[in-house]
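Take a look at the structure below.
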Amino acid sequence: MLLKPIRDVGIAGYGAYVPRYRLPGSEVDRIWTDGQGGSPIEEKAVAGPDEDTASMSVEAARNALARAGLNPQVLRAVWVGSESHPYAVKPTSTIVAEAIGAVPAVQAADWEFACKAGTEAFQAAMGLVGSGMADYALAIGMDTAQGRPGDALEYTAGAGGAAFIVGPAEDSLAIIEGSFSYVTDTPDFFRRPMQHYPQHGSRFTGDPAYFRHVLASAQQLMDSLGTKPEDYAAAVFHQPNSKFPERAARMLGFRPEQTRTGLLCPMVGNTYAGSSMLGLTAILDEAQPDERVLIVSFGSGAGSDAISIRTTEKIEERRDRAPRTQVYVQRRKEIDYGLYVRYRRKLHMH
Amino acid sequence: MSIPRHWRLQNQRYSMVGEVCNACGAKLFPPRDVCPECSKPAYEPYRFSGNGKVYSYSTVYQAPSGYEAFVPYTVALVKLDEGPLVSAQLTDVDGEEVEIGMPVEMVTRKLREEGEDGLIVYGYKFRRLLREEAA
Ligand SMILES: [Zn+2]
């Protein structure tokens, strides 16, 4: 049941992107509860008025190419996982592929599976490269998530994500040891066509959805590989808030210091398809050679992908070829609720 | 602007692909096929680094149609490291932070949208160097 290609593959390059604007949770709280409700996170990243999943993916992809030191023409796939593609019909991936110079001899597609669309694209890239069909494939998880005004999600629905170039193991800064996916039909969160904001069955979001799938994929991956939590230098879990990933890590037997570096939700919010992948970039920025890292995504609907990687000595020379994730996290311009409403077009002008 | 015209300009606009003159080595942006320095033909594509400095700037409060969502915004003449001057919007910057000589780098952003149901047009803008902004 372990997902592992015949040919050994790894991560040749990675790149992060987080927009500049920040909406403090206290601002949402001020508008909707007169400051009496509190906020689950400090602040969330908000895309500027000229940003969307396509433009943000372009920057993350350029960072990944710089780290890999690759000509974009060697990419055989550009795959973007998101639930906020700018067009309903017209791929985000073709825009990204054109902007980074990867067209025209390239496969391009958009992936969807709520917040795990990015790790899905990553697993597919493992298969494409692992089969020998391609030497390099780009997988992106990126979102500009929106919560209904006043909804609990409005505190956390953030913007950001990451891009990964999967390549042959011998050209990798981290070898992919294997992956495991755990999926069931669970109605925890959904959005129908033409609807602007999602619905969430709050009864379903915790135990039957997030914890059931995240714990199962992580545990079964470690069982298949014969690894234990103490074999990992760091782990990152999907971050709808800070509490869920912290609790999942504890239940699996990870110590808080193993998940600290990748836990970005308190500063950028829940970046949906970008969440666990962005956390992984922050870990890779700090990792030493020959360290294991566990990444576990979660997507409503529901499913979880767990991936185990092991860094190589190449990580040290490659990581400073592009801005570190913390550079994006620390770049911040605070906005108030009014400017947020304008930037995210929550006002109807006609 | 028609959809075919957008398509032809895409490579130039998404990632600053210009031309280099084979005769004298001058870098051209936008591409114009004849070198302004030596008048010889210049057809070789050249991808600009996207790095430059603000040469002059002005803030727009009354935007033309399609750009209203971004006001107020700053338009700058940017002197690219490779030589050419290009005119572009600055992004991720507050008006009062802009100054002549400020180092900037190219990013690809939404330039405008042709209404709620039309094309989204992407292209280059410039921002302050990321590393300096975070410092
Ligand atoms: Zn010339």
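Table for the structure above
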| quantity | calculated |
| --- | --- |
| Fluctuation leader among A:D207, A:D52, A:D171 - chain A, Gaussian network, Cα springs under 10 angstrom | A:D207 |
| Diffusion coefficient, µm² s⁻¹, Stokes-Einstein with Kirkwood Rh over alpha-carbon pairs of region A:264-350 at 25 °C and 0.890 mPa s | 157 µm²/s |
| Value of Rg/Rh across region B:1-98 [Cα atoms, Kirkwood radius] | 1.03 |
| Gap separating the Cα centres of region A:110-169 and region B:83-122, nearest whole Å | 26 Å |
| Rounded, prolate or oblate (a/c below 1.5 giving rounded, otherwise prolate when a/b exceeds b/c) for region B:49-135 by Cα gyration tensor | prolate |
| Fluctuation leader among B:E37, B:E116, B:E105 - chain B, Gaussian network, Cα springs under 10 angstrom | B:E116 |
| Gained length - A:S131 relative to A:K90, 0.36 nm times residue gap less alpha-carbon distance | 11.9 nm |
| Surrounding net charge for A:V183, when Lys and Arg each add one and Asp and Glu each subtract one, Cβ distance under 15 Å | -3 |
| Value of Rg to Rh for the protein assembly as shown (Rh from inverse mean 1/r over Cα pairs, i.e. Kirkwood) | 0.97 |
| Residues A:I283, B:I120 arranged by fewest to most Cβ contacts within 10 Å | B:I120, A:I283 |
| Inter-label distance, nm, simple model (7 Å from Cα along the C-beta direction), A:M251/A:I6 | 3.8 nm |
| Computed E for B:N51/A:D231 - FRET, C-beta separation, R0 41 angstrom, nearest 0.05 | 0.45 |
| Cα-Cα over 32 Å, subset of A:K90/A:K116; A:K44/B:K125; A:K90/A:K228; A:K90/A:K346; B:K40/B:K79; A:K228/A:K333 | A:K90/A:K228; A:K228/A:K333 |
| Residue among A:G178, A:G132, A:G37 with the largest mean-square fluctuation in a Gaussian network model of chain A, springs linking Cα atoms under 10 Å | A:G37 |
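Just so you know, all these numbers are worked out from the coordinates, no wet-lab data involved. None of the values given here were measured: they were computed from a predicted structure. Cβ: placed from backbone, ideal geometry, glycine included. Neighbour counts: every protein chain shown.
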